[in-house]
Amino acid sequence: MSRAEALVLTPGAGGGADHRTLVDIETALADRMPVRRHDFAYRRAGRRAPPRAESVVDELLCDLPQIAAELDVPPASMALGGRSFGGRVCSMAVAAGAPAAGLVLLSYPLHPPDRPERLRSAHFGQITVPCLFVSGTRDPFATPDELTLRAEQIPAPVTMRFVEGARHDPNTVAARRFIIDAVREWLEGLDG
């Protein structure tokens, strides 16, 4: 596994890079590596709803070299990820060839709530970097069993961590602490 020298975090569809979980992760990792919280263009333009995921993936693919240059790290040494839609976009970018040390997927939206037949995992077979999934056990976008089953399509090491009783946006201090600890431990494991 490659060492992660930086972490790029992206927000969920209706949120911004100032989401408290992303801020908490950045703060917790400040002494270990640079963390860039990155808003997508539609959010920077003041819109809440994203365009098609594919166009946001294309945008991210264009932005990553500049982010790597600003952080002064090789693109392949950045771990990529985010919450919900942001994590999905990062996973699609990596499946499309974006270099990365790994993926941090928080509350991955495997399918819309109550629509398990509308899976968002067709690209999983093209992900060839280590992945961390952290999700609530009561997340309506993916049950632990659904995530575990679909992640078997990923031909790279996958780590699953589940926040007991949490829904899609784990908003308690204890849930955020669990997420931070899971991300920190996983990133440290990439060093080996």
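A short reminder: the numbers here are calculations on the coordinates, not readings from a lab. Please read these numbers as outputs of a predicted model, since none were measured by experiment. Virtual Cβ from ideal backbone geometry, glycine too; neighbours counted across all protein chains shown.
Values as computed for the structure displayed
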item	result
Segment Ala156-Asn171, length gained on full extension (0.36 nm per residue, minus Cα span)	2.4 nm
Among Arg36, Arg176, Arg48: highest mean-square fluctuation, GNM of the chain, C-alpha pairs under 10 Å	Arg48
Derived scalar couplings ³J(HN,Hα) [the stretch 85-92; Karplus, 6.51 cos²θ - 1.76 cosθ + 1.60; whole Hz; x for Gly, Pro]	4, x, x, 4, 4, 4, 5, 5
Additional length obtainable on full extension of the chain from Asp181 to Thr128, 0.36 nm per residue less Cα span	16.7 nm
Calculated volume of the Cα convex hull per residue in Å³ (choose from [x] 147; [y] 105; [z] 119), label	[y]
Spacing of the two label points (7 Å from each Cα toward its C-beta) at Glu164 and Asp31, in nm	2.9
Sequence ranges 67-80, 111-124, ranked by mean other-Cβ count within 10 angstrom, highest first	67-80, 111-124
Whole-number percent relative contact order across the stretch 6-190, with pairs defined as alpha carbons under 8 Å at least 6 apart	18
Among Gly102, Gly87, Gly14, residue whose mean-square fluctuation peaks in a GNM of the chain (springs only between Cα atoms under 10 Å)	Gly14
Two-site FRET efficiency, Tyr42 against Thr148, from Cβ-Cβ distance with R₀ of 22 Å, rounded to 0.05	0.10
